[in-house]
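Q: Would you mind keeping the following structure in view while I ask a few things?
The values are calculated or read from the model by the stated rules, or taken from the named source; none is laboratory data. Computed from a prediction, not measured in an experiment: that's the story for all the values here. Note that we place each Cβ from the backbone using ideal geometry, even for glycine, and neighbour counts take in every protein chain shown. Heavy atoms of the whole protein, side chains included, go into the accessibility calculation; ligands, DNA and RNA do not. Shrake-Rupley method; radii C 1.70, N 1.55, O 1.52, S 1.80 Å.
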Amino acid sequence: MKSRAAVAFGPGQPLKIVEIDVAPPKKGEVLVKITHTGVCHTDAFTLSGDDPEGVFPAVLGHEGGGIVVEVGEGVTSLKPGDHVIPLYTAECGECKFCKSGKTNLCQAVRATQGKGLMPDGTTRFSYNGEPVYHYMGTSTFSEYTVCAEISLAKVNPQAPLDKVCLLGCGVTTGIGAVHNTAKVKAGDTVAVFGLGGIGLAVIQGAVQAKAGRIIAVDTNPEKFVLAKEMGATDFINPKDHEKPIQDVIVELTDGGVDFSFECIGNVNVMRAALECCHKGWGESIIIGVAGAGQEIRTRPFQLVTGRVWRGSAFGGVKGRTQLPGMVEEAMAGKIRLDPFITHRLPLDQINEAFDLMHEGKSIRTVIHFGDN
Ligand SMILES: NC(=O)c1ccc[n+]([C@@H]2O[C@H](COP(=O)([O-])OP(=O)(O)OC[C@H]3O[C@@H](n4cnc5c(N)ncnc54)[C@H](O)[C@@H]3O)[C@@H](O)[C@H]2O)c1
Ligand SMILES: [Zn+2]
Ligand SMILES: [Zn+2]
């Protein structure tokens with residue numbers, strides 16, 4: 001079938017809106033009509049060419065919501081009409097990782113997903129007869145996409161897809177990192193580096209966890225407005241200080257924070273985020289994705305003296321079992337999605353969403369495929 005899609009033909013180039021061909025779903029696969037998708041920094045990262053897994057041409061996008069159109073052979077958990085959120089972290093329930101109960105990093109489709117292919121090693125997308133690759137197992141920048149059954153979370157059909165699509169990445173990643181990875185407790189002091197969609201979601205999670213002080217750090221002071229609205233208590237622009245930012249925060253907090261979160265993807269900030277943690281117990285969670293080949297560094301003494309470095313992918317959330325509950329929380333007002341949506345644009349204008357992100361003007365732009 002034909003589908004309108006924003007295709008990334010090569011690194012560093014704007015997306016091109018074209019009509020691609022989408023082949024029917026094969027065994028264990030599902031055809032989904034995407035109604036809305038967010039644009040995340042990770043899409044921009046891959047488009048830039050810095051992502052070692054980036055393959056072109058590809059249909060990017062991983063923060064979507066849609067409706068099942070057709071299911072392939074053997075698909076039992078979904079049927080046409082079901083509302084779904086595509087998952088870039090699948091949940092098969094059967095691999096070593098799923099069975100461990102210790103991680104959300106299901107490996108069932110990981111190898112092919114990283115190559116831009118469906119689990120059988122082929123692609124369902126083509127343009128003028130040439131293959132177009134998938135992305136993160138989701139490819140939500142196409143009106144019709146094909147996902148593995150285990151890469152789809154079935155959600156309440158009453159949920160507004162134009163909002164809960166954000167639970168497909170940013171909001172879940174931030175809130176999940178607070179509860180599942182860090183396990184922030186009431187009264188804890190938290191520092192959040194980077195106040196984009198991810199950082200704001202971390203703030204929201206910290207508020208839910210009843211953190212005491214929530215220190216918001218960004219080089220763009222315009223980001224403090226929403227951070228404050230979300231519940232941050234202190235605001236620091238590193239540009240206002242001569243001293244390393246970790247020293248500023250250690251002084252401000254009588255020895256350091258209980259938890260810090262790096263939501264930028266900058267390895268120097270990752271170091272600062274670790275070193276602003278309290279001696280003996282402070283933990284720093286890396287969420288930001290750094291460029292290919294970059295490395296983190298600190299003096300080992302920082303860890304010897306009790307600080308902990310961790311990372312978090314998709315907030316440690318198991319998509320098929322936990323995301324439906326988070327959708328319910330959003331419907332009940334326990335997770336706020338509206339503040340994240342600063343812009344709405346039709347697919348034709350998706351490149352503007354990237355511009356707004358790079359200019360620091362947006363938190364999330366939600367792209368729509370239909371009229372609204
Ligand atoms: N681990 C995961 O599962 C996961 C999921 C989604 C996104 N990410 C990553 O999280 C990061 C954030 O994503 P986003 O969509 O919120 O991005 P974003 O671009 O909207 O936000 C980044 C923020 O960091 C600020 N910033 C940049 N440099 C800074 C510095 N040196 N000091 C302080 N602030 C600085 C920017 O002003 C901006 O407000 C990206 O690296 C993205 O790839 C990771
Ligand atoms: Zn993302
Ligand atoms: Zn698995």
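Q: With the checklist (1) within 16 Å of ligand 3 (Cβ to nearest atom); (2) farther than 30 Å from ARG344 by Cβ; (3) assigned to a loop (DSSP other than H, G, I, E, B); (4) not acidic (Asp, Glu) in hand, flag the one item CYS98 doesn't pass.
A: Every condition holds for CYS98 apart from (3).
Q: Still on this model: Against the definition (hydrophobic (A, V, I, L, M, F, W, C) and within 16 Å of ligand 3 (Cβ to nearest atom)), how does ALA313 come out, yes or no? It would help to see each step written out before you state the result.
A: Working: hydrophobic (A, V, I, L, M, F, W, C): yes; within 16 Å of ligand 3 (Cβ to nearest atom): yes.
Answer is yes for this residue.
Q: Which of the residues that make up the range 75-88 are more than 16 Å from ligand 3 (Cβ to nearest atom), open to solvent by less than 60 Å² (accessible area, probe 1.4 Å) and not in a strand (DSSP E or B)?
A: VAL75, LEU78, GLY81, ASP82
Q: Follow-up question, since we're still on this one. For GLY49, are the conditions met, namely being more than 16 Å from ligand 3 (Cβ to nearest atom), open to solvent by 60 Å² or more (accessible area, probe 1.4 Å), out of contact with any strand residue (DSSP E or B) (no Cβ under 7 Å at 6 or more places or on another chain) and on the phi > 0 side of the Ramachandran plot?
A: Spelling it out, it is not the case that GLY49 is more than 16 Å from ligand 3 (Cβ to nearest atom), open to solvent by 60 Å² or more (accessible area, probe 1.4 Å), out of contact with any strand residue (DSSP E or B) (no Cβ under 7 Å at 6 or more places or on another chain) and on the phi > 0 side of the Ramachandran plot.
Q: On to the next question. Scan the range 14-43 for residues that are within 22 Å of the chain's Cα centre (by Cα) and open to solvent by 70 Å² or more (accessible area, probe 1.4 Å) and report the count.
A: The number of residues fulfilling the criteria is 2.
Q: Next question. If the requirement is being within 16 Å of ligand 3 (Cβ to nearest atom) and either under 21 Å from the mean Cα position of the chain (by Cα) or open to solvent by 10 Å² or more (accessible area, probe 1.4 Å) (or both), which of these qualifies: GLU91, GLU70, GLU63?
A: On the way: GLU70 fails: within 16 Å of ligand 3 (Cβ to nearest atom); GLU63 fails: within 16 Å of ligand 3 (Cβ to nearest atom).
None of the others qualify; the one that does is GLU91.
Q: Taking into account only those residues within the range 1-18 that are without any contact (Cβ under 8 Å) to a residue 40 or more places away in the chain and part of a strand (DSSP E or B), which is farthest from GLU143 (Cα to Cα)?
A: Once the filter is applied, the top-ranked residue is LYS16.
Q: Out of the residues in the range 94-104 that are buried (at least 17 other Cβ atoms within 10 Å of the Cβ) and within 16 Å of ligand 1 (Cβ to nearest atom), which is farthest from TYR135 (Cα to Cα)?
A: Filtering the range 94-104 for residues buried (at least 17 other Cβ atoms within 10 Å of the Cβ) gives 95, 97-98, 104.
Narrowing the set further to residues that are within 16 Å of ligand 1 (Cβ to nearest atom) leaves 97, 104.
Details: PHE97: 22, ASN104: 19 Å.
Only one residue fits best here, namely PHE97.
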